[in-house]
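Just below is one structure, and these are the notes that go with it.
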Amino acid sequence: MRYITFLLIFSCLQSYGLQKTGNKKKINLKISKEIELLTTIQLLSKYPLLSKTENDLKTKTLLFFDQHKQDSIVPFFLSMASKKIDGKTKFNYFSFDKPIDLIVHYSLDKSKLINYPTKNNASFEIFKEKKESLFRFLELYQNFYTTANFEDYFESNSTLYNELIDTVTKELSNEDLIGTLEQFYGKSQQSYNIILSPLQNAGGYSVKIKGDLIAVVGAGLTKDSTPLFDVEYLKKELILHEFSHSFCNPIINKYMEELNFMEDTEGNFRFKMASLGYHSKESILYEYLVRACVIRMVNTLYGKEESEKLLNEESGKGFYLMQVFNEGLKHYENNRNTYSTLEKYFPELIYRIKAASNNTYK
């Protein structure tokens with residue numbers, strides 16, 4: 001995709017974007033036509049994981065596509081994203097991060113997947129198991145783009161998109177988020193990309209394609225009937241969080257068996273995590289390490305008060321060993337001459353967590 005640079009803003013058919021340059025490592029920031037098309041389909045489907053805030057863009061979108069709300073893509077997406085169990089609607093295999101992950105790999109201009117999901121991607125397993133359904137979805141997705149005149153809709157929002165990009169970029173311009181990430185983990189990635197999606201929820205989704213890290217983030221707020229991104233939340237938590245998954249998840253995968261003890265330390269451990277939307281052992285452990293690392297990076301960037309506030313929030317959500325993770329990562333920070341990367345330190349972190357949990361939950 002092409003981008004709108006910080007010094008020269010121009011409209012293009014594919015997407016609107018901006019790049020931040022300077023001494024700090026660059027963050028590529030854009031609004032993606034592919035993601036906005038997916039969001040429109042989800043909105044017409046009344047998909048519950050979108051932003052609940054009301055604004056002019058949501059109203060405009062529903063009006064623009066009102067005659068297409070019965071398009072075949074809508075019920076097909078619903079059949080993939082939800083299912084009935086005992087008379088209640090539950091999420092199905094194509095929900096949460098799976099649709100976002102798949103569409104980040106897709107190009108409307110090329111009418112195909114330009115990259116296939118790999119084992120590091122959220123949609124990898126369903127791509128193997130539900131390949132026929134996913135390709136049917138992509139076919140309907142591409143058809144909807146044409147028949148619903150999505151290009152006209154996307155182009156009509158160019159002023160709003162540019163304003164949102166400009167606002168977020170200015171707010172982030174003084175933050176060394178990427179430098180802090182790479183210093184903390186002791187590794188670097190090829191590129192760091194943020195896709196703003198005004199009607200997605202205020203959380204984020206992490207995607208990695210080869211060495212390129214992509215965070216898709218929603219607005220969640222409204223000001224003067226216009227979507228608004230919570231920049232304080234972006235810079236003090238969400239951006240660090242989403243990019244951290246690409247550093248942390250491979251470490252967890254490497255030491256998965258050694259971490260089995262965590263499920264035995266508290267009887268309702270899995271239940272608490274499920275209430276937050278994390279059902280598998282893998283996803284729970286990913287979140288633990290990512291959130292613990294973000295706390296330490298927030299300490300580096302914004303000080304002790306902000307990091308302790310975040311630590312208390314995470315502990316209160318049910319991450320009952322977060323204090324132990326935090327103390328272990330402090331030890332890592334104080335011994336970087338011995339541990340050049342978090343991956344090298346991780347066996348020591350596991351030892352410390354296990355010792356503390358044994359003392360606490362005998």
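Just so you know, all these numbers are worked out from the coordinates, no wet-lab data involved. This structure is a prediction, so every number in the text was calculated from the model and none was measured. Quick reminder, even Gly has a Cβ in these numbers, built from the backbone with ideal geometry, and neighbours come from all protein chains shown.
Here are a few things to note about the model shown:
- Taking every full run of DSSP H in the chain, the ones that stretch at least 30 Å from end to end by Cα along their long axis and average -1.0 or higher on the Kyte-Doolittle scale are 281-302.
- Compactness relative to 2.2 N^0.38 Å, alpha carbon Rg of region 117-174: 1.69
- Taking every Cα-Cα distance in region 87-207 and sorting them into 5 Å bins starting at zero, the pair-distance distribution P(r) comes out as 2, 8, 14, 17, 19, 18, 12, 8, 3, 1, 0 percent.
- Amide H contacts for L228 (H built 1.01 Å from N in the peptide plane; partners 5 or more residues away or on another chain; cut-off under 5 Å): G220, L221, T222, K223.
- Of K119/K170; K30/K58; K69/K131; K26/K208; K88/K130, pairs whose Cα-Cα distance is over 27 Å: K119/K170
- Whether region 276-343 is rounded, prolate or oblate, judged on the alpha carbon gyration tensor where a/c under 1.5 counts as rounded: oblate
- Spherically averaged projected area of region 20-232 from its Cα convex hull (nm²): 13.0 nm²
- Hydrodynamic radius of region 99-144 by the Kirkwood approach over all distinct alpha-carbon pairs: 10.7 Å.
- Between N55 and any residue 5 or more places off or on another chain, the built amide H atoms are never under 5 Å apart.
- As a rough guide to protection, the peptides 206-212, 53-59 ranked by mean Cβ packing within 10 Å, highest first, stand as 206-212, 53-59.
- Here is how the number arises for the chain: DSSP H runs of 4 or more residues each give -39500 (n - 2.57), the sum is divided by the residue count, and the result at 222 nm is -15500 deg cm²/dmol.
- For region 306-362, the Kirkwood radius over C-alpha pairs fed into Stokes-Einstein at 37 °C and 0.692 mPa s yields D = 271 µm² per second.
- Cβ crowding within 10 Å averaged over residues, with 195-203, 237-245 ranked highest first: 237-245, 195-203
- Largest-first principal axis extents, alpha carbons of the chain, Å: 62, 55, 37
- Just checking the listed ones, T300, T169, T338: in the Gaussian network model of the chain with Cα springs under 10 Å, the one fluctuating most is T338.
- Reachable lysines from K309, criterion Cα separation under 19 angstrom, eight or more residues apart if same chain: K235, K236, K317, K330
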